1. Out of all DSSP beta bridges with both ends in the chain, state the antiparallel percent to the nearest 5.
2. What number results when the radius of gyration of the stretch 138-232, computed over Cα atoms, is divided by 2.2 N^0.38 Å?
3. From the mean inverse distance of alpha carbon pairs (Kirkwood) and the Cα radius of gyration, derive Rg over Rh for the stretch 153-202.
4. Hull surface divided by four, with the convex hull built on the Cα atoms of the stretch 92-168: how many nm²?
5. Work out how much length Glu172 to Arg128 would gain on full extension: take 0.36 nm times their residue separation and subtract the Cα-Cα distance, in nm to one decimal.
6. Using only Cα atoms, what Kirkwood radius does the stretch 186-229 have, in angstroms?
7. For the stretch 73-131, list log₁₀ I(q)/I(0) at each q in 0.15 Å⁻¹, using the Debye formula over Cα point scatterers of equal strength and ignoring solvent, two decimals each.
8. Across all directions of projection, what mean area in square nanometres is found for the Cα convex hull of the stretch 1-122?
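Coordinate-derived values only; no laboratory data. Small disclaimer: the values here were computed from a predicted structure and weren't measured. Cβ coordinates were reconstructed from backbone atoms using ideal geometry, including for glycine residues, and neighbour counts include every protein chain displayed.
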Amino acid sequence: MTRVALVTGANRGIGFEIVRQLAQRGLHVLLTARDPGRGRAACARLCREGLRVDFEILDVADAQSVETAIARIGERTGRLDVVVNNAGIGNDRQERLLDSDLDRLTYIFETNFHGALRVVRASVPWMRRHGYGRIVNVSSGLGSFAKMAAGAPFYRMSKAALNAMTVILADELRDTNILINAANPGWVRTRLTGMQATRTTEQGAATPVWLATLPDGGPSGKFFKDEQEVPW
Ligand code: NAP
């Protein structure tokens, strides 16, 4: 039996590398993206490496798109074992909560928080069918209360909400073999951060991939960086 994984926002950056590493571990991975051209091109690149990767269009900010994509994946593969909520958008470091445009708050939450919750809600029924699930929320150190401060406020708040969601869902799922955790990938060189960041996408993907492949009885409702638990 081959496990089936879905990764959101996977046409580039950390998500793309998560797909690669999961497929290298033998999973059948659905690379999802909101743009079909970019998504198919990314998928073709990994297929040329001999990996078992398929494309599915999925815009996490669109409820209908999430429902349709996960139903199609279920019909296509008969199962869904692993979900990595990676899709995310950033927020200007200079922005301040006292005077920023509140429409930006809604826009960022729609992707970073509501998007992840939509995907989880649509996926858990498939995970329950086979009594197995691994859910990874790609969070950020900027969402950690231990380091909460001014700058990029909507992004920080969206990731803090994603962290809260991780703990709540882990408790709701505590009597199941569905484990849900949050990962901080560190400061990774992608379009989101720019090229000054210190880590490669390979390094950024490592902890999400580790959480996506945890053994039964592994941790749930926790926050990890470099495979070590970190404070919320
Ligand atoms: P990235 O290169 O900008 O990639 C973000 C991905 O999310 C892109 O594929 C983008 O697709 C996709 N996306 C955005 N909105 C979407 C939507 N509505 N539906 C589906 N996909 C959507 O950034 P990244 O650094 O790899 O970020 C990946 C995750 O890591 C994010 O959650 C981010 O917050 C988190 N993170 C990154 C860092 C870092 O240092 N890079 C640090 C901490 C956390 P398009 O190409 O269509 O825009």
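1. Values: 3 of 28 bridges.
Counting DSSP beta bridges with both partners in the chain, the antiparallel share is about 10 percent.
2. Rounded to two decimals, the normalised Rg is 1.10.
3. On the Cα set of the stretch 153-202, Rg over Rh gives 1.12.
4. Dividing the Cα hull surface by four gives the mean projection, 5.6 nm².
5. Here the answer is 14.5 nm.
6. This gives a value of 11.6 Å.
7. -0.58
8. Details: hull surface 32.1 nm².
Reported value for the Cα convex hull: 8.0 nm².
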